[in-house]
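Have a look at the structure below before the remarks.
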Amino acid sequence: MRRGQIGIIGGGIGGIATALALHQIGVPVIVYERAACLREIGAGMMLWPNATRVLRDLGLLEQMVARSGPNTHFLVRSASGRILMNIALGKFDVPAVCIRRTDLLAILLRALPSECVRLGYELDHLKQARGKVQIYFKNGTTEEHAAVVGADGSRSRVRSELFGASDPVYRGYAIWRGLVRYTGRATMPGYNSETWGNGKRFGILNTGHGDFTWYATANVPKDHGDGPRGRKKELQEMFAGWHEPVADFLEATEESGILKHGARDRPPLPRWGIGRVTLLGDAAHPCTPNLGQGGCMALEDAFVLARCVEREPTLVRVLRRYEFLRRKRTRHMQQRSQLMGRIGQLEHPLIVRGRRVVTRLLPARIFEYNLRRIYAYGIPG
Ligand SMILES: Cc1cc2nc3c(=O)[nH]c(=O)nc-3n(C[C@H](O)[C@H](O)[C@H](O)COP(=O)(O)OP(=O)(O)OC[C@H]3O[C@@H](n4cnc5c(N)ncnc54)[C@H](O)[C@@H]3O)c2cc1C
């Protein structure tokens with residue numbers, strides 16, 4: 001089975017981590033990425049212990065920790081800055097961290113031989129015949145592999161080849177993100193936070209070495225454009241009067257560095273693959289970002305797939321076993337993330353007041369217990 005080379009469509013976190021996990025157990029892989037250079041856009045991201053455990057097993061934990069900020073507590077705050085809940089993440093065999101996406105991708109890429117990645121290859125369509133998958137690219141070339149993994153993101157072409165085209169579902173709010181350097185005193189090492197207002201949230205993540213990522217959310221229609229005076233001004237108006245250092249963060253961010261996305265996901269798929277093709281990461285289970293678990297799930301997928309390659313006798317059995325092991329967990333994460341988004345985006349002042357009271361009164365232990373169950377995930381043997 002190992003004689004068959006696996007083709008991976010998409011060179012994001014999921015595709016590169018999968019290539020690395022397979023390469024480390026001796027499986028030949030090629031990643032095909034449509035972009036001309038590999039670059040993660042986006043700000044920073046949280047990697048919880050379920051993901052850093054995968055990175056440890058890939059031999060990358062030390063480098064990762066050196067490039068990231070610690071993540072020991074998560075605060076939920078009101079717009080005035082009052083702490084409504086202080087969630088302690090607890091002790092695990094591996095740390096939780098916040099890292100810049102570019103750093104994560106660079107660390108994964110450094111561990112993978114460069115000949116495993118081909119740039120400028122955009123998938124057009126696939127054909128399965130006689131125990132092979134033929135991959136047709138928009139640059140006119142065709143390649144053949146024993147199996148193909150679609151790691152081509154939430155608008156996956158592989159997914160639409162398998163199950164037909166459809167659009168991700170807009171969940172009613174937009175997310176803006178940026179990166180800043182901050183040396184003020186309004187943050188504490190290890191403490192990241194999300195502040196809840198009426199239909200708006202502001203999150204602060206420390207990615208280490210004086211660098212921070214922030215994100216802001218607001219309920220807006222799907223076709224919401226930028227304000228007439230630009231993104232930065234619009235956000236400064238939306239979050240005027242919020243606690244420190246929200247205004248400082250927005251002021252310190254360049255207009256051109258502010259990214260904006262609609263919050264989107266898709267309903268869980270009943271199956272992820274057909275024959276010798278499967279899906280991985282956002283292509284299989286795109287998630288709203290409310291739990292910070294989308295990329296973590298892609299890392300888990302990568303490792304589980306490699307584990308299945310070691311255990312199953314044929315490639316088709318590898319793919320089906322991998323899908324079976326991953327579907328329930330990722331569906332759970334998609335659903336919980338969507339629910340957290342609905343709670344976070346509540347807008348009516350009375351309901352928001354009720355949420356504030358309940359959040360203050362609820363013991364953080366309940367959340368800590370639930371989160372620890374997510375973080376304790378061990379790769380199935
Ligand atoms: C605002 C926001 C905040 C988030 N925060 C977190 C967080 O804190 N923690 C976390 O774990 N996750 C977070 N996520 C989720 C995380 O970003 C995604 O789950 C993760 O990037 C998915 O990786 P992927 O490799 O599956 O897909 P992608 O990162 O989308 O990569 C897909 C790759 O496929 C390529 N591609 C697409 N089509 C083709 C084609 N036809 N042919 C060839 N190549 C193609 C693309 O160019 C891209 O390089 C967040 C997401 C958002 C939007």
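Within the bounds of the stretch 7-24, is there any residue that is touching a residue at least 12 places away in the same chain (Cβ under 8 Å), open to solvent by 30 Å² or more (accessible area, probe 1.4 Å) and more than 16 Å from the ligand (Cβ to nearest atom)?
yes
For the stretch 93-147, the set of residues classified as of a type in the set (S, T, N, Q), surrounded by 14 or more Cβ atoms within 10 Å (Cβ to Cβ) and farther than 20 Å from Ala302 by Cα consists of Gln128, Gln134, listed by residue number. Restricting attention to the stretch 264-312, the residues that are not in a loop (DSSP other than H, G, I, E, B) and not aromatic (Phe, Trp, Tyr) total 29.
For the stretch 123-134, the criterion of being within 11 Å of the ligand (Cβ to nearest atom), within 23 Å of the chain's Cα centre (by Cα) and in contact (Cβ under 8 Å) with a residue 12 or more places away in the chain is met by at least one residue. Against the definition (in contact (Cβ under 8 Å) with a residue 24 or more places away in the chain, away from the ligand (no atom under 14 Å from the Cβ) and among the small types (Gly, Ala, Ser)), how does Ala186 come out, yes or no? It is true that Ala186 is in contact (Cβ under 8 Å) with a residue 24 or more places away in the chain, away from the ligand (no atom under 14 Å from the Cβ) and among the small types (Gly, Ala, Ser).
Residues that are in contact with a Ser or Thr (Cβ under 7 Å, 6 or more places away or on another chain), within 21 Å of Leu291 (Cβ to Cβ) and open to solvent by 30 Å² or more (accessible area, probe 1.4 Å) within the stretch 41-70 are absent altogether.
For the stretch 164-183, taking the residues that are β-branched (Val, Ile, Thr) and open to solvent by less than 30 Å² (accessible area, probe 1.4 Å), the one that is farthest from the ligand (Cβ to nearest atom) is identified as Val180. Return yes or no: is Glu161 among the charged types (D, E, K, R), part of a strand (DSSP E or B), within 14 Å of the ligand (Cβ to nearest atom) and touching a strand residue (DSSP E or B) at 6+ places or on another chain (Cβ under 9 Å)? No: the conditions fail for Glu161.
The values are calculated or read from the model by the stated rules, or taken from the named source; none is laboratory data. Owing to the predicted nature of the structure, the values given are computational and were not obtained by experimental measurement. Cβ atoms come from the backbone with ideal geometry, glycine included; neighbour counts cover every protein chain shown. These area figures cover heavy atoms from the full protein model, side chains too; ligands, DNA and RNA do not enter into them. Shrake-Rupley method; radii C 1.70, N 1.55, O 1.52, S 1.80 Å.
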